[in-house]
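Q: Would you mind keeping the following structure in view while I ask a few things?
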């Protein structure tokens with residue numbers, strides 16, 4: 001007789017459908033990761049603060065947006081810094097931007113002038129939980145520095161020479177090279193002038209100057225001075241040759257002088273006069289520092305001089321003339 005298996009079918013089905021259900025996961029805290037790049041400076045009558053809010057949480061989840069950003073400023077009071085004591089008096093600053101990857105806010109500096117201020121920021125998640133506070137930003141806020149005035153740029157043999165007027169004792173020099181998108185800092189000046197020795201012939205430069213007040217990594221700075229453009233052209237002759245001498249030779253007059261050291265030096269131009277006549281060019285320019293003049297008559301008086309010429313054709317004044325009687 002065949003056995004009936006169908007009574008066992010419900011049991012088999014129940015065994016196949018059985019599965020393990022784990023413990024329920026705790027709800028996500030949605031606490032944002034702290035801001036790591038709080039930075040800022042004072043420019044003119046404004047304090048400019050910038051930072052990048054994080055939309056990543058401590059649970060390694062990504063938020064669509066923060067509910068708010070808590071940016072605060074408080075005075076760094078004597079007695080050593082204590083975060084809780086600072087929070088008791090720190091002011092929460094108005095901030096509208098909460099969904100941007102990068103935030104920059106400009107705040108009036110007047111109420112903080114003369115104080116050492118500490119700034120901190122944190123993101124607030126969608127459940128109202130705040131991140132830990134960011135890195136601290138310390139700024140010595142000063143009365144608004146005045147921008148330099150009457151900036152002028154003139155050419156000099158060794159570069160572009162800047163001069164300006166205005167208050168202060170320290171200035172930051174900026175330069176924009178033709179073709180570049182952003183200016184770059186050339187250096188810090190301790191007087192109202194600067195020689196840009198890196199300016200090249202044939203290029204156009206735009207210069208600006210800021211006054212700096214205070215020390216440290218972020219001194220107070222003024223707005224930029226009005227910009228001045230300068231196109232560098234070589235109009236500067238080499239130095240007058242030195243050590244020029246004339247020596248009587250065998251049916252000739254031998255001329256010698258010291259070599260010029262300018263990087264764009266090209267050649268020397270000789271001059272000669274017979275008797276009391278004016279000096280005239282003696283042949284084509286020469287590259288050597290010597291010349292033998294065999295076109296002389298015995299007993300006649302001659303005067304000689306030499307000038308230097310650069311690659312751009314700029315010629316120096318002739319040196320002091322030397323007088324000699326041909327042998």
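The values are calculated or read from the model by the stated rules, or taken from the named source; none is laboratory data. Since we're looking at a predicted model, the values are computed, not measured. Here the Cβ is made from the backbone with ideal geometry for all residues, glycine too, and neighbour counts use every protein chain on show.
Q: Exactly one of (1) on the phi > 0 side of the Ramachandran plot; (2) touching a strand residue (DSSP E or B) at 6+ places or on another chain (Cβ under 8 Å) is unmet by residue 286. Its number?
A: (1)
Q: With the condition kept exactly as written, say whether any residue in the range 223-240 is farther than 25 Å from residue 162 by Cα and surrounded by 14 or more Cβ atoms within 10 Å (Cβ to Cβ).
A: Taking every residue of the range 223-240 in turn, at least one turns out to be farther than 25 Å from residue 162 by Cα and surrounded by 14 or more Cβ atoms within 10 Å (Cβ to Cβ).
Q: Please verify whether residue 327 is touching a residue at least 60 places away in the same chain (Cβ under 8 Å) and touching a strand residue (DSSP E or B) at 6+ places or on another chain (Cβ under 9 Å), treating the condition exactly as stated.
A: On the way: touching a residue at least 60 places away in the same chain (Cβ under 8 Å): yes; touching a strand residue (DSSP E or B) at 6+ places or on another chain (Cβ under 9 Å): yes.
In short, yes.
Q: Within the range 256-269, can one find any residue that is over 48 Å from the mean Cα position of the chain (by Cα) and modelled with pLDDT of 95 or more?
A: no
Q: Could you tell me whether the range 110-118 includes any residue that is touching a helix residue (DSSP H, G or I) at 6+ places or on another chain (Cβ under 8 Å) and not assigned by TED's automatic domain parsing to the domain that holds residue 188?
A: Yes, the conditions are met somewhere in the range 110-118.
Q: Only residues that are surrounded by fewer than 18 Cβ atoms within 10 Å (Cβ to Cβ) and touching a strand residue (DSSP E or B) at 6+ places or on another chain (Cβ under 9 Å): list them for the range 143-160, please. Step through it out loud before you land on a result.
A: Taking the range 143-160 and keeping what is surrounded by fewer than 18 Cβ atoms within 10 Å (Cβ to Cβ), we get 143, 146, 149-150, 152, 154-159.
Scanning the range 143-160 gives 143, 146, 149, 150, 152, 154, 155, 156, 158, 159.
Q: Let me ask another. Quickly run through the range 81-120 and pick out the residues that are within 14 Å of residue 67 (Cα to Cα) and in contact with a strand residue (DSSP E or B) (Cβ under 6 Å, 6 or more places away or on another chain).
A: Scanning the range 81-120 gives 95, 97, 98.
Condition check ((1) under 26 Å from residue 261 (Cβ atoms); (2) out of contact with any helix residue (DSSP H, G or I) (no Cβ under 8 Å at 6 or more places or on another chain); (3) surrounded by 15 or more Cβ atoms within 10 Å (Cβ to Cβ); (4) outside the structural domain of residue 319 (by TED's automatic domain parsing)) across all residues:
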site	(1), (2), (3), (4)
167	no, yes, no, yes
171	no, yes, yes, yes
174	no, yes, yes, yes
179	no, yes, no, yes
182	no, yes, no, yes
198	yes, yes, no, yes
204	no, yes, no, yes
209	no, yes, yes, yes
220	no, yes, yes, yes
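Q: Has the range 292-312 got any residue that is surrounded by fewer than 17 Cβ atoms within 10 Å (Cβ to Cβ), farther than 24 Å from residue 250 by Cα and touching a strand residue (DSSP E or B) at 6+ places or on another chain (Cβ under 9 Å)?
A: Yes, the range 292-312 contains a residue that is surrounded by fewer than 17 Cβ atoms within 10 Å (Cβ to Cβ), farther than 24 Å from residue 250 by Cα and touching a strand residue (DSSP E or B) at 6+ places or on another chain (Cβ under 9 Å).
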